[in-house]
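Note sheet for the following structure.
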Amino acid sequence: MGFDVKWERIQGILIAIILGRIDSSNADEFQKVLEAEINSADQALLLDFERVSYISSAGLRVGLIMAKQFKAPGKQFGICALSDSVREVVVASGFDEIISIYESQDAAIGEFKKN
């Protein structure tokens, strides 16, 4: 599979802590894993990339799909804790202009609670 996801829920925020690589060989599976965990009570989705060693454009596409699912009023989406190499891919692709990026889980949760 190339990746693993651990889940947390904190006050209506679903947090996916991702470990491994997200690329074209597993992006579809990654999307299915994320979608299977989301329920209607989740007000926000945060993807924690602290332990992601690599993400390709196919992985970023999944992030964009998730962001669209959390675009409705009262919903929020973000990614956090990007390594330098993952941040380079996100910035080079322009996704940092579309998706909210936070330095840490705590920073994201703080921002989510404000809105």
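The values are calculated or read from the model by the stated rules, or taken from the named source; none is laboratory data. Keep in mind the model is a prediction, meaning the values are calculated, not measured. Cβ coordinates were reconstructed from backbone atoms using ideal geometry, including for glycine residues, and neighbour counts include every protein chain displayed. To get the accessible areas, we keep the full protein, side chains included, count just its heavy atoms, and leave off ligands, DNA and RNA. Shrake-Rupley method; radii C 1.70, N 1.55, O 1.52, S 1.80 Å.
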Between residues in region 10-35 that are on the phi > 0 side of the Ramachandran plot and residues that are at pLDDT below 95 and not charged (D, E, K, R), which pairs lie under 6 Å by C-beta distance while being six or more apart or on different chains? Gly12/Gln43; Gly20/Gly2
With the structure loaded, tell me whether Ala41 is under 21 Å from Ala108 (Cβ atoms) and in a loop (DSSP other than H, G, I, E, B) or whether it fails that test. yes
How many residues does region 1-38 contain that are at pLDDT below 95, open to solvent by less than 70 Å² (accessible area, probe 1.4 Å) and either polar (S, T, N, Q) or farther than 21 Å from Ile99 by Cα (or both)? 1
If we keep just the residues of region 102-115 that are open to solvent by 50 Å² or more (accessible area, probe 1.4 Å) and without any contact (Cβ under 8 Å) to a residue 24 or more places away in the chain, which is nearest to Cys80 (Cα to Cα)? Glu103
Top-ranked residue of region 71-97 - restricted to ones that are at pLDDT below 95 and not in a helix (DSSP H, G or I), ranked as surrounded by the fewest Cβ atoms within 10 Å (Cβ to Cβ): Pro73
